[in-house]
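The structure appears below as structure tokens.
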């Protein structure tokens, strides 16, 4: 469970806290409502990955970051997408802010996802393959180099990514 100062009604239910208590705290000030069933403690310090964690919580369910948003979360390749890219296997009917882009995927293999900084995400190697032709080649290679230097990718993964197909 990712936190970042974020509490969902599902979290409250798991801890046997009545959902009405979250609403009361939001009315009194310690919590701020972000979206349907999602609240944030404003006193909790924001970090570089807070925006991504908020987006994942607001979409809810079986969701994960993908595309440039994974690079932004990890601070790679100077990625700063205008919209947080979220993928889900379920249909999303929630009304979301414009800065969240939801894509419905037909399949989600468990071995393709992980958690970076507590936020569900596609593995970096898969992400880099996914965005290879969506960003300039130089930035893509820079992201690979940065990931290798930070040991987020191993030598064999780097070779696989840089080998033309």
Which of rounded, prolate, oblate describes the range 34-98, given a ≥ b ≥ c as roots of the alpha-carbon gyration tensor eigenvalues and a/c under 1.5 marking rounded, otherwise prolate only if a/b is larger than b/c?
oblate
Efficiency of FRET from Cβ geometry, residue 17 and residue 104, R₀ 30 Å, rounded to 0.05
0.45
Just checking my list (1) 15.6, 45; (2) 17.3, 58; (3) 15.4, 50 against Rg and Dmax of the Cα atoms in Å computed from this structure; which label fits?
(2)
Checking rank on 23-30, 145-152, 58-65, with mean other Cβ inside 10 Å and highest first, the result is 58-65, 145-152, 23-30
So residue 117 and residue 78, fully extended at 0.36 nm per residue minus their Cα-Cα distance, gain in nm 12.2 nm
What is the distance, in nm, between label points placed 7 Å from the Cα along the Cα-to-Cβ direction at residue 163 and at residue 151?
2.5 nm
Quick one: angle between helix 137-149 and the longest Cα principal axis of the chain, in degrees between 0 and 90, rounded to 10, please.
80 degrees
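Give, in nm to one decimal, the length gained when the segment between residue 133 and residue 96 is fully stretched (0.36 nm per residue of separation minus the Cα-Cα distance). Please report the intermediate quantities before stating the final value.
Numbers: separation 37, 0.36 × 37 = 13.32 nm, distance 2.77 nm.
That works out to 10.6 nm of additional length.
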Check: C-alpha center the range 42-60 vs C-alpha center the range 62-98, spacing in Å is 12 Å
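Under the rule of -39500 (n - 2.57) per DSSP H run of 4 or more residues, summed and divided by the residues of the chain, what mean residue ellipticity at 222 nm is obtained, to the nearest 500 deg cm²/dmol? Intermediate values should be presented prior to the final figure.
Details: 7 runs with 62 residues, N = 165.
Using -39500 (n - 2.57) per qualifying helix, the result is -10500 deg cm²/dmol.
Each value in this text was obtained by applying a stated rule to the coordinates, not by laboratory testing. Predicted model only: the values in this text are computed from it and were never measured. With ideal geometry, Cβ positions are generated from the backbone for all residues, glycine too; neighbour counts draw on all protein chains shown.
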